[in-house]
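A.B. asks: Before anything else, here's the structure in question.
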Amino acid sequence: MSFFYSSLPFFLLSLLFFPCLSQSLRGVLIDCGATVDSVVYEKKWVSDTSYITTGTPKNLTVEVLDSTLSTVRTFPLKNNVFKKFCYEIPVYRGGKYLVRTTYFYGGVNGNLNPPVFDQIVDGTFWSPVNTTEDYWHGMSSYYEGVFKAVGKTMSVCLAANSYTDSDPFISALELVLVSDSLYNSTDFNTYALTLMARSSFGNNGSIIRYPDDEFDRYWEPYGQHSPAESFTHVSVSGIWNYPPAKVFQTRLAHSQLGPMELLWPPAPLPNATYYIALYFADDQDSFSGRAFNISINDILFYPNLNITPAGMVVFANQWLLYGNTKITLTPQFGSSIGPLINAGEVFEVLPVGGKTHTRDVIALERLKKSFKNPPADWNGDPCLPVQYQWTGVTCAGGPRIRVITLNLTSMGLSGSISPSIARLTALSRIWLANNDLTGSIPDLSSLSNLESLHLEDNQLSGEIPPSLGNIKSLNEIFLQNNNLTGQVPSSLLGKPTLNLRTTPGNPLLSQPPK
């Protein structure tokens with residue numbers, strides 16, 4: 001069969017009692033490329049300068065209706081394929097966040113079509129970004145997902161891929177903290193959700209959003225292809241996932257007793273696993289004679305649904321879909337009223353990409369701070385996704401994702417080598433040659449797997465740490481052309497298998513007395 005269930009085939013939830021939530025958004029709305037804060041539709045948008053250190057802010061030269069689309073931040077494509085550029089946003093560790101990215105090209109790169117590129121959240125590959133069709137219709141594009149914060153910051157990154165033909169860009173970025181109970185049948189330690197469709201059926205008007213939806217989710221109108229009805233005699237409250245009451249003021253309904261079919265979502269879906277939630281409320285009581293079965297692509301989704309003015313949701317955590325999707329509402333035998341539907345959501349279920357070992361992340365962040373000009377893509381998760389590892393960083397998988405080599409040879413680095421490099425205890429190679437690094441060589445004796453150390457052609461000073469001789473795995477040390485002083489430790493000279501080079505250069509470095 002073309003579907004499976006996570007625990008039960010489907011779930012039905014009607015009136016649920018949850019604590020009331022604040023009607024103010026909790027999160028941050030970032031106007032990318034803007035240099036000043038602004039208020040748009042009673043919501044505060046902030047400049048992105050506090051959240052990113054790379055890229056170029058630019059103003060569009062075309063007119064836009066929404067001022068948040070008038071600026072973008074672009075990121076250089078040249079020499080940066082599969083290199084990510086990340087916004088770092090403070091979050092509550094363990095919190096669940098709605099993340100929305102918005103894109104309006106406006107011809108900012110000079111090309112006729114907008115570029116195609118990738119977006120990433122922490123260590124999880126989120127999706128490709130392809131805004132061409134929307135742009136040619138004069139519209140912006142948005143992507144929305146729900147992710148769990150695994151640390152004190154959440155990184156939202158853009159990256160060029162092999163199809164990218166001009167600089168990636170972004171117009172707006174939103175992170176909104178949502179209720180723990182929102183979509184909580186999904187294990188967000190294992191999965192994230194990326195929105196494919198969210199519709200208010202029967203609605204021929206504008207998008208329903210904040211303040212009607214307390215989390216500013218977009219409920220797009222879906223009523224132009226089917227007969228729609230408006231009604232207000234419902235009393236929905238506290239329905240699972242907190243759909244706004246306004247989506248229950250319209251519906252698609254069938255006046256006849258035959259099946260009602262919807263081609264929804266409107267666009268074909270890629271072959272994947274999906275979270276599906278369908279929302280219903282009737283303006284008549286449960287004894288009105290309205291009962292129907294729900295099928296998706298002719299597979300029974302929920303049987304014999306009886307809905308009430310209190311409202312209910314039917315959902316599945318994991319359901320396989322591919323291509324066009326048909327939802328069929330079929331009246332039960334004996335029903336006297338046709339079926340109806342008010343709203344629906346479909347998310348693709350994304351496996352979470354994991355996280356680099358925390359000790360390694362902290363060590364690399366401290367090393368980054370000790371460099372005056374670290375690589376521009378040293379943001380976000382160092383090792384994940386695998387094809388977007390930091391420049392010069394190589395990682396190994398397994399239960400703990402560790403950094404195993406560091407190769408920043410000839411990167412034009414200045415600054416010093418932080419002692420925190422010694423906390424990268426899985427390192428087998430450190431290659432920092434041919435830069436402009438100053439200061440001393442830190443104690444690396446904790447790196448029991450270190451095999452190769454290249455620090456030649458820098459401006460390092462001070463003595464060679466004798467503790468290097470305690471690293472049994474070390475088979476080559478290149479230190480020539482620095483400003484090292486003192487004596488070469490005897491612990492290094494007494495190792496016949498060690499390839500040690502201290503000359504040329506280092507004029508004040510001496511050999512120990514024989």
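The values are calculated or read from the model by the stated rules, or taken from the named source; none is laboratory data. Note that the coordinates shown come from a computational prediction; the quantities given were computed from them, not determined experimentally. Neighbour counts run over all protein chains shown; Cβ positions are idealised from the backbone, glycine included. Surface areas here come from the heavy atoms of the whole protein model, side chains and all, with no ligands, DNA or RNA. Shrake-Rupley method; radii C 1.70, N 1.55, O 1.52, S 1.80 Å.
A.B. asks: Tell me the angle of helix 358-370 to the major Cα principal axis of the chain, expressed in degrees between 0 and 90 and rounded to the nearest ten.
C.D. replies: 60 degrees
A.B. asks: Cα centroid distance between region 193-217 and region 113-164, in Å?
C.D. replies: Region 193-217 and region 113-164 have Cα centres separated by 20 Å.
A.B. asks: Let me know the charge dipole size of the chain about its Cα centre in debye, to the nearest 20, where only the beta-carbon of Lys, Arg (+1) and Asp, Glu (-1) is charged.
C.D. replies: In debye, rounded to 20, the chain gives about 1660.
A.B. asks: Okay, moving on. Would you mind working out the accessible area per residue for the chain, using a 1.4 Å probe, and quoting it in Å²?
C.D. replies: Here the per-residue accessible area is 44 Å².
A.B. asks: For a protection proxy built on the mean count of beta-carbon atoms within 10 angstrom, sort 363-372, 128-137, 428-437 highest first, please.
C.D. replies: Peptide ranking by packing, descending: 428-437, 363-372, 128-137.
A.B. asks: Then there's this: Of all accessible surface on the chain at a 1.4 Å probe, what whole percent is carbon and sulfur?
C.D. replies: Percent of accessible area from carbon and sulfur atoms in the chain: 53.
A.B. asks: Still on this structure, I have one more. What number comes out for the charge environment of residue 58, summing +1 per Lys or Arg and -1 per Asp or Glu over other residues with Cβ under 14 Å away? All intermediate terms of the calculation are to be shown ahead of the outcome.
C.D. replies: On the way: positive: 73; negative: 31, 48, 167.
Combined, the nearby Lys, Arg, Asp and Glu give -2.
A.B. asks: Of 509, 478, 281, which is farthest on the positive side of the dipole of the chain, counting Cα position, with +1 on Lys and Arg Cβ, -1 on Asp and Glu Cβ, and the Cα centre as origin?
C.D. replies: 509
A.B. asks: So what's the gap between the Cα centers of region 482-506 and region 256-334, to the nearest angstrom?
C.D. replies: Their Cα centres are 75 Å away from one another.
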